[in-house]
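Visitor: I'd like to ask you about the structure that follows.
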Amino acid sequence: MSALKSIRREWLLLAIIAAIALAVGVRAPVFLTWRNGMDIANDSAILAILVMGQMLVLLTRGIDLSVASNLALTGMVCALVGKAWPGASAPVLIVLALTIGAFLGSVNGWLITRFGLPPIVVTLGTLSAYRGAIFVASKGAWVSDQDIHQVIKGLPREVWLGLPALVWFAVVVLVLATVFLKLRREGREIYALGGNPLAAAYVGISPRKCLMRVYTLSGMLAGLAGLLWVGRYSIAYTELAAGYELTVVAACVIGGVSIGGGVGTVAGAALGVLFIGVVNGALPVIQVSPFWQQAIAGAVILISVTVNARAERRGGRQILERKSSTTHPQGAAA
């Protein structure tokens, strides 16, 4: 029943997205063209990468408010390395971004697990700390288009098999996240920990290892997003992507990921990203003021949180299906 409710919610969200697209398309037919669809997908790709990391954290009843600062710091470091090392290759820069992002994410995980601090407090602190580190690393200067490494600029602009490279990056991350959460024991443990921490502990799931894993993965994906962001917009500066963490959380919540932990799917989160992409693309077409765009986004978040909370109260909190085995963490979380 829990799975059926999730599927119904996802189909409903997809229907809402389609209705918005068709309504806007009636007024501006260009909105329904393939080119505009690719533009929306390209604009949403980096958000999708960040959302996958944030979703893992939310499933454990946590939150990572430092993802945008991680993105900006990693992007700045990659830009500075590329400027100082013109011969750096794409694989080297990608590994560098993943490593820096993972390290910054692991700092969050270590502070939370080592000192028992609330995730919102820790990540709010690192949000500011990482912004300050950007200023220190760059000495307050911008890295502009002419100084951005050609590989960094070229990577997001590549087209593979008819689709932009950014879309391919997002697709790969979505597929890996699906495999991890559905088929890997470590992924199922995340649901178990978020759904019922006490039961998870009884069956031998280590909260410390699980939390370290999700915050490190969230940081790693933020690092990748930082490299792609700097490459796409050809600039790195202290306030890069400032406030973007709220958009990331919004996409998760709209997609049905519960802030109470243990509930959420990759498909739902991806639809949350698509919803924001379509709305952001539609509002300028129908000449809605940018000031109203923020108000509409806030209203959608509040409505989504309310719907999620009511659904959880009505359906209880059976997160995973029951299994016959008593040693598997899925059975404990049910």
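The values are calculated or read from the model by the stated rules, or taken from the named source; none is laboratory data. Predicted model only: the values in this text are computed from it and were never measured. As a convention, Cβ positions derive from the backbone with ideal geometry for all residues, glycine included, and neighbour counts pool all protein chains shown. Please note that ligands, DNA and RNA were not included when accessible areas were found on the heavy atoms of the full protein model with its side chains. Shrake-Rupley method; radii C 1.70, N 1.55, O 1.52, S 1.80 Å.
Visitor: Pick out, from region 221-334, the helices (runs of 4 or more DSSP H) lying fully within it that include 2 or more residues that are basic (Lys, Arg) and modelled with pLDDT under 90.
Guide: 290-315
Visitor: Now, a different point. Is there a residue being open to solvent by 30 Å² or more (accessible area, probe 1.4 Å), hydroxyl-bearing (Ser, Thr, Tyr) and assigned to a helix (DSSP H, G or I) anywhere in region 156-179?
Guide: yes
Visitor: Evaluate the following for Thr178: is it touching a residue at least 24 places away in the same chain (Cβ under 8 Å), closer than 30 Å to Ile148 by Cα and hydroxyl-bearing (Ser, Thr, Tyr)?
Guide: no
Each row is one residue, and each column tells you yes or no for (1) closer than 21 Å to Tyr244 by Cβ; (2) open to solvent by 30 Å² or more (accessible area, probe 1.4 Å); (3) in contact with an Asp or Glu (Cβ under 9 Å, 6 or more places away or on another chain).
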| site | (1), (2), (3) |
| --- | --- |
| Ala72 | yes, no, yes |
| Gly82 | no, no, yes |
| Gly105 | yes, no, yes |
| Leu127 | yes, yes, yes |
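Visitor: Based on what the data block shows, is Leu224 free of Cβ contacts under 8 Å to residues at least 24 places away in the same chain and within 12 Å of the chain's Cα centre (by Cα)?
Guide: In short, no.
Visitor: Could I ask something else about it? Give the residues of region 191-217 that are of a type in the set (Val, Ile, Thr), open to solvent by less than 20 Å² (accessible area, probe 1.4 Å) and either in contact with a Phe, Trp or Tyr (Cβ under 9 Å, 6 or more places away or on another chain) or modelled with pLDDT of 95 or more (or both), sorted by residue number.
Guide: Val214, the sole residue that qualifies.
Visitor: Okay, next question. Among the residues of region 168-186, write down those that are among the hydrophobic types (A, V, I, L, M, F, W, C) and out of contact with any strand residue (DSSP E or B) (no Cβ under 9 Å at 6 or more places or on another chain).
Guide: Phe169, Ala170, Val172, Val173, Leu174, Val175, Leu176, Ala177, Val179, Phe180, Leu181, Leu183, listed by residue number.
Visitor: Taking the conditions exactly as written (within 22 Å of the chain's Cα centre (by Cα) and crowded, with 23+ Cβ neighbours inside 10 Å), does Leu50 satisfy them or not?
Guide: yes
Visitor: From Ile63, Ile46, grab the single residue that is of a type in the set (A, V, I, L, M) and part of a loop (DSSP other than H, G, I, E, B).
Guide: Only one candidate qualifies: Ile63.
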